């Protein structure tokens, strides 16, 4: 895992500019406090700018104009992004392909791309297709007729149900269920008659799905997760939803059936939206909120039911004072009655 | 999968009445917009009645009295139910039994019904009993001494813990855990002493359990899910709960320990109820609500804690106006003080 | 499973005192109502004290000073704890070790302690280490380089990701995912760049983790669950969290990233806390609440956002009366205007 890179090589990788010695060698990264000689560090939060002077790192990634205190510097517009990229460079290795390992089960008519790995205990059923460099960890189950793109990682014990389609560079963490039946029943007197869910799920390129999420297949057509969207753990996405590109869906969120989410929408933890709604691009839904109506692009809402977030902040500060307000109201009522009596008696 | 049925055959299957040509052949179904010749369609929402005139379908399922615009019609009281039944007829096929497949593990003294399928990577431990036509998908694990009825489907990576009992025609989706230990501890100074959970879970006939749900075994006796109840994804049902028949429990609901739910109760998404309560038949719990007291039959509640739903709707419309109300209250207080001062000065 | 113990033996085990015949034999336990001759019962709730007189049990566990109605008695300070201990004594048996069973997959350089059991369909990848008497149920997956202590039970289909560390006497229920990637991305224009999560999870001794929980690995260092903490089902614990000792985290709770929880903190069902906060020892978070600020030790809070629980109780009783309050406010405004007009006209 050891690797040496010159500062110039790192600056090229980060699309940044070297200030100082471009030939200095860097073998890893660490925080301003923990970095040692030979390592690079970064300043993402201006609050810690003073630490740049004292860090033992051999180089520092800084935003434009920050004081380098004479250190070797890579200047870049977004040091936090640079940190993520350096962490990837120094720490992330593609696992060596293992092929279909003993103890894996691969059904009939399965098309395997180049350099796949299927671990022991993993199952790929008939007619599925895996792209190049796909890794299927132990216990993961790919049902019949699934299509998986290139460079996809399916972690242990995840399930992809029949005919679903997974794009390229998708990461699906453990325990996820993609393509389970949507929750649809027709009332039949006292009982519920199951509506067969014959649609599929499509997960587009560069999506990441957190552990133990559930994404249901559509009743008739497609439940879709847009390109680049990132989903945290234990999230529920119901049948027929259309999630846009580059959304952020934090843990334990629930998105009810047939709702359409725009691009770059953020759902904070444990929030939810009811079914058959449309949420505009770049909206943000506050933690634990429940959206019950359509939202235009750029909305920022909180509460159950959700409304304007700034108004919610004001309201939330007042709610705990309701007992006091109620008491005041009672007192005012009394004082008004006294005034009325006084005036009546004077008539 | 191709199949032709005469309109009369379909009417008999749906318990409906043909208006038009009973011999017309139907090979599938689609929406009013998408249906082609040879297909049947349906009108479930009166809003779309005008589309009946323009659909290309060879026949239409209509409610009594709706205008068929001269089309071949099956008249039936509940076209939405008819849609579910037609979808089942045209799209759902029982998988061909495969027996215990290579790579499946079946323990000692396991009783297998006729025509079972146990997929590779599935495990059925000692002393369990599977009914006829049971399908156990890959990675599903049936612990020791479990009893499973006829026509049950256990999807991939679901776990049924020891001694639990599953009825007939039950569908359990992927990643479900049935019979994990209830959450019970006795305080022992600073520490918690585990109370062994020696009861079981009974899932009655015709229940469907969504992906990644958890249903805990009772401390001593039985956690029970009543006949025909449908449970969405990521639902938590704690130990000793008694859930009635034909309930609808939507995604991410939590039902705390020892609570007793009547028949035909609906829990909307992310709602919850605290432990040791009784919820009457035909009650409805609003999305994200938290029930903290017993509810009589027919209750309709929302809020945290939950109260009458209509009152909650009124309240919810006022909550965002609290800052304004508080301001008004302050203004009134000032105006009253002014009036009081005025009157005092006149004394 | 049958076992006979003298009352004296049980009193010694429970650290209690016999009143009556210490030689009476006991073969099991049951509730006051259900117990039969030869069984022992217990009184945990004073409400049922009268049942002590009528129980058929051969002995009763009572708190100090309770009326034994002439029964054979074990007196102990905490009869509920005694019940838990007796249930353990009579009902819990360590399973007989089975070794690595056929159909299990154990990778290279795996260190196995004495008397381990690895079930068929379980996978332990290269370089992991299992302590003595560890049981790995079917379908569980232990990634590379994991360390597991002694007397640990990993239930079916649970996943422990690479390099995580599990203490002694830990119980992890089915479907749990420990060490999945934390949810961290750096914005890169419209897209999200994944921040590699290179830290681990440490689960300390005597922790129990409920079914289908997710505990994410730290970005750089450690997500830690303190000794003796008990976690219910479907709980989300995000990256970098530090959970103290002997906490109680009820089902469907969400703890956001980098939050630090003290000792003996209780999170009731579906509650949550935002990231980067500190929650003091012995705090209690009410069901469905959302904590949005640091809490000192001994806090008792509810609400979204959460505040003092007693204040929340008062407020919650008033919220449903908001429509009435608003109406009163309008009426008062009118009455004040009338008074003002009256006085103005008199000027």
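The values are calculated or read from the model by the stated rules, or taken from the named source; none is laboratory data. Nothing here was measured: the structure is a model prediction, and the numbers come from that model. Ideal geometry is used to build each Cβ from the backbone, glycine not excepted, and the neighbour counts take in all protein chains shown.
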Query raised in the report: Does residue C:282 fit the bill of being within 14 Å of chain B (Cβ to nearest Cβ) and touching a residue at least 60 places away in the same chain (Cβ under 8 Å)?
Result: no
**Report entry** Every residue from segment B:101-119 that is within 10 Å of another protein chain (Cβ to nearest Cβ), closer than 16 Å to residue B:135 by Cα and either within 22 Å of the chain's Cα centre (by Cα) or assigned to a loop (DSSP other than H, G, I, E, B) (or both)
**Finding:** B:101, B:102, B:103, B:104, B:119
Query raised in the report: Could we say that residue C:276 is facing another protein chain (nearest Cβ under 7 Å) and part of a loop (DSSP other than H, G, I, E, B) here?
Result: no
Report summary line: Of those in segment B:216-231 that are more than 25 Å from residue A:187 (Cα to Cα) and in a strand (DSSP E or B), the residue nearest to the other protein chains (Cβ to nearest Cβ) is B:216
Report task. State whether the residues of segment B:324-342 include one that is facing chain A (nearest Cβ under 9 Å) and more than 30 Å from residue C:342 (Cβ to Cβ). Result -> no
Report task. Residues being assigned to a loop (DSSP other than H, G, I, E, B) and surrounded by 13 or more Cβ atoms within 10 Å (Cβ to Cβ): count how many of those fall in segment C:45-77. Result -> 13
Query - Answer residue from segment B:292-314, given it is away from chain A (no Cβ under 11 Å) and assigned to a strand (DSSP E or B) and is surrounded by the most Cβ atoms within 10 Å (Cβ to Cβ) among those - result: B:301
Requested in this report: Kindly provide the set of residues from segment A:78-100 that are within 14 Å of another protein chain (Cβ to nearest Cβ), modelled with pLDDT of 95 or more and part of a loop (DSSP other than H, G, I, E, B), ordered by number.
Outcome: A:98
**Report entry** residue A:262 in the same structural domain as residue A:235 (by TED's automatic domain parsing) and surrounded by fewer than 17 Cβ atoms within 10 Å (Cβ to Cβ)
**Finding:** no
Query - The lone exception for residue B:125 - which of (1) touching a strand residue (DSSP E or B) at 6+ places or on another chain (Cβ under 9 Å); (2) more than 30 Å from residue C:210 (Cβ to Cβ); (3) not assigned by TED's automatic domain parsing to the domain that holds residue B:27 it fails - result: (2)
Requested in this report: Scan segment C:196-215 for residues that are part of a loop (DSSP other than H, G, I, E, B) and either surrounded by 22 or more Cβ atoms within 10 Å (Cβ to Cβ) or more than 7 Å from every other protein chain (Cβ to nearest Cβ) (or both) and jot them down.
Outcome: C:197, C:199, C:204, C:205, C:206, C:207, C:210, C:211, C:212, C:213
Query raised in the report: touching a residue at least 12 places away in the same chain (Cβ under 8 Å), closer than 30 Å to residue A:29 by Cβ and either crowded, with 21+ Cβ neighbours inside 10 Å or at the interface with chain A (Cβ under 9 Å from one of its Cβ atoms) (or both): does that describe residue C:125?
Result: yes
Report task. Run residue C:317 past the list (1) within 11 Å of chain B (Cβ to nearest Cβ); (2) at pLDDT below 95; (3) surrounded by fewer than 16 Cβ atoms within 10 Å (Cβ to Cβ) and report the number of the one that doesn't hold. Result -> (2)
**Report entry** Selection count where residues are in contact (Cβ under 8 Å) with a residue 24 or more places away in the chain and either under 26 Å from the mean Cα position of the chain (by Cα) or surrounded by 16 or more Cβ atoms within 10 Å (Cβ to Cβ) (or both), scope segment B:82-100
**Finding:** 11
Query - Filter pass, residue B:112 being touching a helix residue (DSSP H, G or I) at 6+ places or on another chain (Cβ under 9 Å), surrounded by fewer than 21 Cβ atoms within 10 Å (Cβ to Cβ) and farther than 22 Å from residue B:198 by Cα - result: no
Query raised in the report: in contact with a helix residue (DSSP H, G or I) (Cβ under 9 Å, 6 or more places away or on another chain), assigned by TED's automatic domain parsing to the domain that holds residue A:86, assigned to a strand (DSSP E or B) and more than 26 Å from residue C:199 (Cβ to Cβ): does that describe residue A:18?
Result: yes
Report task. Could you check, for segment A:172-195, whether at least one of its residues is more than 10 Å from every other protein chain (Cβ to nearest Cβ), over 18 Å from residue B:153 (Cα atoms) and part of a loop (DSSP other than H, G, I, E, B)? Result -> no
Requested in this report: Considering every residue within segment B:236-256, establish whether at least one is within 9 Å of chain A (Cβ to nearest Cβ), within 16 Å of the chain's Cα centre (by Cα) and outside any loop (DSSP other than H, G, I, E, B).
Outcome: yes
Query raised in the report: Within segment A:22-39, can one find any residue that is assigned to a loop (DSSP other than H, G, I, E, B), touching a helix residue (DSSP H, G or I) at 6+ places or on another chain (Cβ under 6 Å), surrounded by 21 or more Cβ atoms within 10 Å (Cβ to Cβ) and without any contact (Cβ under 8 Å) to a residue 40 or more places away in the chain?
Result: yes
Query raised in the report: Looking at residue A:286, is it in contact with a helix residue (DSSP H, G or I) (Cβ under 7 Å, 6 or more places away or on another chain), under 30 Å from residue C:197 (Cβ atoms) and at pLDDT 95 or above?
Result: yes
Query raised in the report: When segment A:132-168 is examined, which residues are found to be more than 14 Å from chain B (Cβ to nearest Cβ) and within 16 Å of residue A:224 (Cα to Cα)?
Result: A:147, A:148, A:149, A:165, A:166, A:167, A:168
Requested in this report: Would you be able to tell me the number of residues in segment C:174-225 that are in contact with a strand residue (DSSP E or B) (Cβ under 8 Å, 6 or more places away or on another chain) and in contact (Cβ under 8 Å) with a residue 24 or more places away in the chain?
Outcome: 34
Report task. Could you tell me whether any residue of segment B:92-101 is over 30 Å from residue C:104 (Cβ atoms) and touching a helix residue (DSSP H, G or I) at 6+ places or on another chain (Cβ under 9 Å)? Result -> no
Query raised in the report: Taking residue A:167, is it under 20 Å from residue A:108 (Cβ atoms) and surrounded by fewer than 24 Cβ atoms within 10 Å (Cβ to Cβ)?
Result: no
